[in-house]
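Below: one structure, written as structure tokens.
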Amino acid sequence: MQSVPECLSGLVHLKGNTWVSGVHWEASMKKWKVDDYGWFDYLVVAHNGKCAARLMADAGAPQIHNLLKVKFGPVLSPRTNVMQLCSLWVLLFALPRRFEVDFDGAFVEHPDISWIGNNTSKYSAQNQLQCWTLISTKTFGASHKVPQEFIPPSKEKEVTLLLLNGFAELTGIHRQLVAPCFTKVQLWGAANPLNVLQGEDCVFQSSHNVGICGDWLVSPSIEGAAISGLALAEVINQHVNGDRKDVGLKKRLEPADSEAIGAFPTNQSLFFKPAK
């Protein structure tokens, strides 16, 4: 998956792995000041959550900032036009022996777990390890939410044990046999959007040369993020060529119809056809 953006980035001058802590729109110059990196003609915010909202709070584009304001919760609040995100816990673990399970991956009905994936089924059977990924429910993520950058060891241990217990219940493997030789648990703090923008695939403010793209503007998935990015690239291209119009600034956010870990392609019209 990483090879696609790496290939595309070879077409432009790109400075990666760079932390941006401040941006500001200079109206007299019609340019963006980005930290100490210089002046830029356009600004694209391809991110959401608290960091994106904080970055744009005093940037000089309040309409864009209003769309980036965020709330967290396991359930979508009624009558809200603010982006809402859920938090999910993800547990990776390896068992020293293989167990026969009737599925490779599945959405499951459990108070703590929403998804189980058998990573080992993707590879050859030479290694005896069996590696799994568990993704929690939105409710579990909310009830065990902590700062994701500083997860207390006690919370890490608690979440790991609870999710392993749930795994044993769902698979029917005796709990004593679920004895991992490796575990890694991580809180996905700004996981999936609970609502998405309706009517546009991106947002662009023509007067300020600034746009937003992301999966929460289309559907909570990699496909949604790609479609949004392509749409914003086209809008900026049109803006460069003199088509000075706003896109998506006045659209409403509506509940997203998707599972806890995102959406999946359902509309054939979303697929791009190669040029002849």
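The values are calculated or read from the model by the stated rules, or taken from the named source; none is laboratory data. Keep in mind it's a predicted model, so treat the numbers as computed, not measured. Backbone-built Cβ (ideal geometry, glycine too); neighbour counts: all protein chains shown. For the accessible areas, the whole protein counts, side chains as well, though only heavy atoms, and no ligand, DNA or RNA atoms are used. Shrake-Rupley method; radii C 1.70, N 1.55, O 1.52, S 1.80 Å.
Details
- Loop-located trypsin sites (Lys or Arg not before Pro) in region 1-60 (DSSP state not H, G, I, E or B) with no more than 12 neighbouring Cβ atoms inside 10 Å: Lys15, Lys30.
- The alpha-carbon atoms of region 7-151, seen along their principal axes, cover 67, 44, 26 angstrom, with the largest extent given first.
- Highest-fluctuation residue, Leu194, Leu14, Leu88 considered, GNM on the chain with Cα pairs under 10 Å: Leu14
- Taken over region 204-243, the alpha-carbon convex hull comes to 48 cubic angstrom per residue.
- Evaluated at q = 0.32 Å⁻¹, a Debye calculation over the C-alpha positions of region 108-153 (equal weights, vacuum) places log10 I(q)/I(0) at -1.08.
- Charge tally around Ile212: other residues with Cβ under 13 Å, Lys/Arg +1 each, Asp/Glu -1 each, net -2.
- Taking all protein chains into account, the per residue accessible area for the chain stands at 59 Å² (1.4 Å probe).
- Cα gyration tensor of the chain - equivalent ellipsoid semi-axes, whole Å, descending: 39, 21, 19
- The distance linking region 130-173 with region 196-262 is 33 Å (Cα centroid to Cα centroid, whole angstrom).
- Kirkwood-Stokes translational diffusion coefficient of region 150-197, alpha-carbon pairs, 10 °C, 1.306 mPa s, µm²/s: 124
- Portion, in percent, of the accessible area of the chain that falls on carbon or sulfur, probe 1.4 Å: 55
- Degrees between helix 222-240 axis and first principal axis of the chain (Cα, 0 to 90, nearest 10): 10
- Spatial separation of Cα centroids for region 86-121 and region 1-28, in angstrom: 35
- Descending semi-axes in whole angstrom, ellipsoid equivalent of region 121-204, from the Cα gyration tensor: 30, 19, 13
- The angle separating the long axis of helix 153-171 from the principal Cα axis of greatest extent in the chain is about 60 degrees.
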